[in-house]
Amino acid sequence: MSAAEERLGPRLRAMLARDLPRIAEIEHSAYGYPWSPGIFRDCLLAGYTCLVVEEDGLVLAYAIMSVAAGEAHVLNVCVHPDARGRGFGRRLMRALIEQAVATTARRVFLEVRPSNGVARRLYESLGFAEIGVRPRYYQAEAGREDAVVLCLEGVALLAAARA
């Protein structure tokens, strides 16, 4: 990539193995119980949809989704704390939804902490609806925290992909 291309502003691109050290930094800065670098490497090797938002050559956000048997599962979406509020999470989610539709997924699932109000509002604004709870899913300071399971499907999935 040329220096001029890097200065064009944030761009969405596929995650590369060389991004993993920076992704691990972001993961550690954002979560008390981060994924290990090996999990990210395994997602790349498995062929999951792995995207990053990069600006001036620096990865600021990333997202990972698996697709199988007509269903997509958003596994991780994270924006560096210093880059939040710039629409990177929404941009990544829209790209994941478009990819899910392109692979003929009929629905997209994800889990979110009940305590993560910002993420919940983002997902709900994209048309995701709560379909259940996974008790004690996430590690937390006080033991475990439930996960709210959200789903985007059918007409809502297609509408979100076109938005």
Task: Exclusive hit being closer than 22 Å to V148 by Cβ and loosely packed, with under 13 Cβ neighbours inside 10 Å, set Y33, Y62 - done: Y33
Open item on the list: What's the number of the only condition in (1) assigned to a strand (DSSP E or B); (2) under 20 Å from Y31 (Cα atoms); (3) touching a helix residue (DSSP H, G or I) at 6+ places or on another chain (Cβ under 7 Å) that L152 fails to meet?
Closed with: (2)
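Being basic (K, R) and at pLDDT 95 or above is the filter; apply it to the range 7-55 and report the residue that is farthest from R86 (Cα to Cα). Please lay out each step first, then the result.
First, pick out the residues of the range 7-55 that are basic (K, R): 7, 11, 13, 18, 22, 41.
From what is left, the residues that are at pLDDT 95 or above are 11, 13, 18, 22, 41.
Numbers: R11: 13, R13: 17, R18: 24, R22: 19, R41: 27 Å.
Ranking the qualifying residues of the range 7-55, first place goes to R41.
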Open item on the list: If I go through the range 134-160 residue by residue, how many of them are surrounded by 13 or more Cβ atoms within 10 Å (Cβ to Cβ), farther than 15 Å from G89 by Cα and of a type outside the set (S, T, Y)?
Closed with: 14
Task: Answer residue from the range 20-77, given it is out of contact with any Phe, Trp or Tyr (no Cβ under 7 Å at 6 or more places or on another chain) and among the polar types (S, T, N, Q) and is nearest to V108 (Cα to Cα) among those - done: T49
Open item on the list: Cβ-Cβ distance below 7 Å, separation of 6 or more or different chains: which pairs start in the range 55-82 with a residue that is more than 21 Å from S36 (Cβ to Cβ) and end on one that is modelled with pLDDT under 95 and among the small types (G, A, S)?
Closed with: E55/G9; V67/A100; V67/A105; G70/A105; E71/A105; A72/A100; A72/A105
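Please determine whether any residue of the range 105-116 is within 10 Å of the chain's Cα centre (by Cα) and either within 20 Å of I39 (Cα to Cα) or among the aromatic types (F, W, Y) (or both).
Within the range 105-116, the subset within 10 Å of the chain's Cα centre (by Cα) is 110.
Filter again for either within 20 Å of I39 (Cα to Cα) or among the aromatic types (F, W, Y) (or both), leaving 110.
For the range 105-116, residues within 10 Å of the chain's Cα centre (by Cα) and either within 20 Å of I39 (Cα to Cα) or among the aromatic types (F, W, Y) (or both): present.
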TODO: Among the residues of the range 86-112, write down those that are modelled with pLDDT under 95, surrounded by fewer than 16 Cβ atoms within 10 Å (Cβ to Cβ) and either over 19 Å from C151 (Cβ atoms) or of a type outside the set (V, I, T) (or both).
DONE: E98, A102, R106
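The values are calculated or read from the model by the stated rules, or taken from the named source; none is laboratory data. Just so you know, these numbers come straight off a predicted model, no measurement behind them. Reconstructed Cβ throughout: ideal geometry from the backbone, glycine too, with neighbour counts over all protein chains shown.
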